[in-house]
Amino acid sequence: STMRKRKTTASPHSSTDLSEGKEKLRLKREVGLISGVSLIAGTMIGSGIFMSPEWVLHHMGSPASSLLIWAACGLLAMFGALSYAELGTIIKESGGDYIYILRIFGPFPAFLFAYTSVILVRPAGLAAVCLSFAEYAVAPFYPGCSAPQVVVKCTAAACILLLTIINCLNVRLATSIMNIFTAAKLLALLVIVVGGLVLLAKGQTQSFQNAFQNTTAGIGTVGVAFYQGLWSYDGWNNLNYVTEELKKPEVTLPRAVMIAIPLVTCLYLLVNVSYLAAMTPSELLSSGAVAVTWGDKVLGSWAWFISLSVALSTFGSSNGTFFSGGRVCYIAAREGHMPDILSMAHVRCLTPSPALLFTSLMSLIMIIPGSFTSIVNFFSFIAWLFYGMTISGLLYLKIKKPELPRSYKVPIIIPIIVLIAAVYLVLAPIIDQPQIEILYIVLFIFSGIILYFPLVHFKCHPRFLQRVTVHLQLFLEVAPTTRDAN
């Protein structure tokens, strides 16, 4: 398909404007405050809180230090999200990191981000969440033994296909599902929290005696523990990917962040306390699935409720990841950094269906060789590399362009802290425990140079690709879109 730079069409309208003189097609503004909070909280609360606690404890060595990591991860996610909220009120376009890097640093680094994100990061993240959904969904059918990998992977693939259908049909349907599943997973976490408080009231506090004993404090170990904790908070910046679909983004974006992230952080800390009240650190470390072990110990015959809740939670999270991930692909295509067909929207459903189908296809490919734990560390490495670049862009705008209109300002110390954390998270594991896989990731990112110069910079497009685009456009019933330039 062809790649081209699309001109910005300014318009005050927020919904579809099909005027008699000239037809304009754009995504609807259907995401309000409640849906915004659900998108952030619903994507953050996925598989992480049910699978990462044992890994954070494994790397940190003691209950108290692992709780400190969880609190620090929540604080870092909050600082990052507040910084992104300011960026979202300066650059009122969808696309998150991609659009901010493009507008601040220019097309080349933005293309490298889009290329890495669309082909590797987003599909890998979605594949990891869907694999963990499948593990919990099929577990009841294989009591006492682990499910065959082929069954798990087929279930994960079915999950991705179902999400594709939902998200391609209707934005409102996708956000409604997000709201319902967010409520369900919050209920599940509240059950775990209340259960833990009851255990503490009964005097089960043995895990919290000498709580800092056996703490490990290596630079690399703390970095990897942060990776596992931050995986559970991933999604804190998801609302920035759908800015053009937010109602009153300048108000909704900061408010949704300030409600969702403190809520999730408090829940995560209380859930971890509950796990440690029900299990000793050694029991927690030997548990394959912490939440299920907790359910067996505390709920007895009702333990199935936890397995069901985790499956629902991970499905809801994968829906949020898919919803925002497809938008990166769509916005990058609209800016001429991806094939043109991916920048189009369905003429009736008003969803970026080609971008969603492409994300779905890449995720299905990732499922074949993928495993949950390996994806997390490398996902986090790339994510924090680009988060650092985006935050440095905000600092540049704050120092060099303070006159730019913005409805919300974050104190400059907050993005500075996030930038220091990003540099630490990228460099610490490399310095402490260098792995060849990280070199492969860096090589993959820079392999984008081979595509950028002929296809984007010099615009060398074979003519037959234009015909392919037209045929795909007719087959998928999609049309080019305009954007809201506020």
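The values are calculated or read from the model by the stated rules, or taken from the named source; none is laboratory data. None of these values were measured; they are calculated from a predicted model. All Cβ positions, glycine included, derive from the backbone under ideal geometry; neighbour counts span all protein chains shown. Side chains included, ligands, DNA and RNA excluded: accessible areas come from the protein's heavy atoms. Shrake-Rupley method; radii C 1.70, N 1.55, O 1.52, S 1.80 Å.
Can you compute the FRET efficiency between LEU161 and LEU474 using 1/(1 + (r/R0)^6), with r the Cβ-Cβ distance and R0 = 22 Å? Round to the nearest 0.05. Before the final figure, lay out the partial values.
Details: r = 23 Å, r/R0 = 1.06.
After rounding, the FRET efficiency stands at 0.40.
Give me the one-decimal nm value for the distance between modelled label points at ILE431 and SER301, 7 Å along each residue's Cα-to-Cβ direction.
Simple spin-label model gives 5.7 nm for this pair.
Could you tell me the accessible area of SER447 in Å² (1.4 Å probe, neighbours in place), rounded to the nearest ten?
Rounded to the nearest 10, the figure is 30 Å².
What is the helix-to-structure angle for 219-233, meaning the angle in degrees between its Cα long axis and the longest Cα principal axis of the chain, kept from 0 to 90 and rounded to the nearest 10?
The two axes meet at around 70 degrees.
Calculate the spin-label point distance for THR280 paired with LEU197, positioning each point 7 Å from the Cα along the beta-carbon direction, and give it in nanometres.
2.8
Using the per-residue mean of other Cβ atoms lying within 10 Å as a proxy for protection, in what order, highest first, do the peptides 293-300, 133-140, 403-410 fall?
Values: 293-300: 18.4, 133-140: 21.9, 403-410: 13.8.
The peptides rank, most packed first, as 133-140, 293-300, 403-410.
Across 5 Å bins from the origin, how do the percents of Cα pairs in the stretch 231-387 run, short distances first?
For the stretch 231-387, the binned pair fractions read 1, 7, 11, 16, 18, 15, 12, 8, 6, 3, 1, 0 percent.
Is the stretch 51-145 best put as rounded, prolate or oblate by its Cα gyration tensor, with a ≥ b ≥ c the root eigenvalues, rounded for a/c under 1.5, and otherwise prolate when a/b is larger than b/c, oblate when not? Don't jump to the answer; show the numbers that get you there.
Details: a/c = 2.84, a/b = 1.53, b/c = 1.86.
Oblate shape, in that a/c is at least 1.5 and b/c is the bigger or equal ratio.
For PHE381, tell me the accessible area in Å² from a 1.4 Å probe, rounded to the nearest 10.
Solvent-accessible area, nearest 10 Å²: 10 Å².
What distance in nm separates the two pseudo spin-label positions at LYS409 and VAL347, each 7 Å out from Cα along the beta-carbon direction?
If labels sit at LYS409 and VAL347, their model points lie 4.8 nm apart.
Relative to the longest principal axis of the C-alpha atoms of the chain, give the angle of the C-alpha long axis of helix 436-446, reported between 0 and 90° and rounded to the nearest 10°.
20
What's the angle, to the nearest 10 degrees (0 to 90), between helix 372-400's Cα axis and the longest principal axis of the chain?
60
Going by average Cβ neighbours within 10 Å, how do the peptides 87-100, 218-231 rank, with the highest at the top? Working shown, then result.
On the way: 87-100: 25.1, 218-231: 22.6.
The packing order, highest mean first, is 87-100, 218-231.
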